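Written out below as structure tokens is the structure these notes cover.
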Amino acid sequence: MSDEFKSKIQNLKSKIPNAIAIDGPAASGKTTIGRMLADYLNCLFLDTGSMYRATTLAALQNSVPIDDEPAVTTLTEQLDMDIIPVQNENDGRLYTVWLNGRDVTWELRAPAVDRHVSQVSAYKGVRQNLVQRQRSMAQRGRVVMVGRDIGTVVLPDAPVKLYIVASAEERARRRMLERRQRGLDVDHDQILADIIRRDRIDSSREHSPMRPAADALIIDTTGRSPEAVLREILALPAFQPAQARP
Ligand code: CDP
């Protein structure tokens, strides 16, 4: 391979940052945007919220009391968990989550999981275990990782950090739409209250509270389409060809 060709390939590759960290509150649009960005850049997509949800589901299904922090932590350490790209499933999923040999992708969205996930996510040992798994998953290749503490704790050196927000009303509307599309009952007030409650717990917890990293770009998606937000992100200097950068 000639040196010129090698440098062209290198140039092309350097257009895509090796890790993109996306954080933000519940239903802010971060998962939709993250998935679109990962598809566009042909990167892995890892939604870390699904891992906290899977841990919560495992506790509920194994009758481990959610208040029992040591027991929930021990359970977490024993879980066999993975997130893999969609194969042939044509049911609107963005990825598949395996938990102890079972596809639990949709079970993770159950109201009981919504109710308890923020309590489980506040446990230090649970976070330590899942963050370790997330970092080793990030070694699989270029990655778009979505969560609450990706830019601050999981991948603090990520070259691109985004913090996606939207008004609570709009977030509740989006969650209602998602649920309706899946044929589930919706109660606007209850959904809004759950979102506000989870945000409060997530941002006030002692370990890795939800907050933007100092070098994160904050993007408000209220009233904007995912495509418009994606265009704004792709116009960032980090996504321009290396030779075009100052
Ligand atoms: O999809 P939604 O925005 O409702 O939530 P999620 O991203 O699936 O995350 C569910 C919960 O997991 C959050 O409310 C947090 O309590 C927790 N979480 C976390 O603590 N750290 C992360 N990196 C991701 C999620």
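The values are calculated or read from the model by the stated rules, or taken from the named source; none is laboratory data. Fair warning: this is a prediction, and the values are worked out from it, not measured in the lab. Here the Cβ is made from the backbone with ideal geometry for all residues, glycine too, and neighbour counts use every protein chain on show. Just the protein is used for accessible areas: all its heavy atoms, side chains included, with ligands, DNA and RNA removed. Shrake-Rupley method; radii C 1.70, N 1.55, O 1.52, S 1.80 Å.
Okay, here's what the table says:
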| read-out | value |
| --- | --- |
| Zone of S136's modelled label, taken as backbone nitrogen in region 75-106 under 15 Å from a point 7 Å along Cα→Cβ | 76-83, 100 |
| Surface/4 estimate of mean projected area, convex hull on alpha-carbon atoms of the chain, nm² | 14.9 |
| Distance from region 171-240 to region 30-54 (C-alpha centre basis), Å | 13 |
| Accessible area of E178 in the full protein assembly, 1.4 Å probe (Å², nearest 10) | 80 |
| Average accessible area per residue (Å²) across region 3-225 - probe 1.4 Å, nucleic acids and ligands excluded | 49 |
| Gained length - A71 relative to N88, 0.36 nm times residue gap less alpha-carbon distance | 2.5 nm |
| Long-range amide H partners of L217 with built H, under 5 Å | K161, L162, Y163 |
| Simple Cβ-charge dipole of region 138-246, Lys/Arg +1 and Asp/Glu -1, about Cα centre, in debye nearest 20 | 280 |
| Solvent-accessible area of Y52 with every protein chain in place, 1.4 Å probe, in Å² to the nearest 10 | 10 |
| Rounded to the nearest 10 Å², the accessible area of R142 at probe 1.4 Å | 80 |
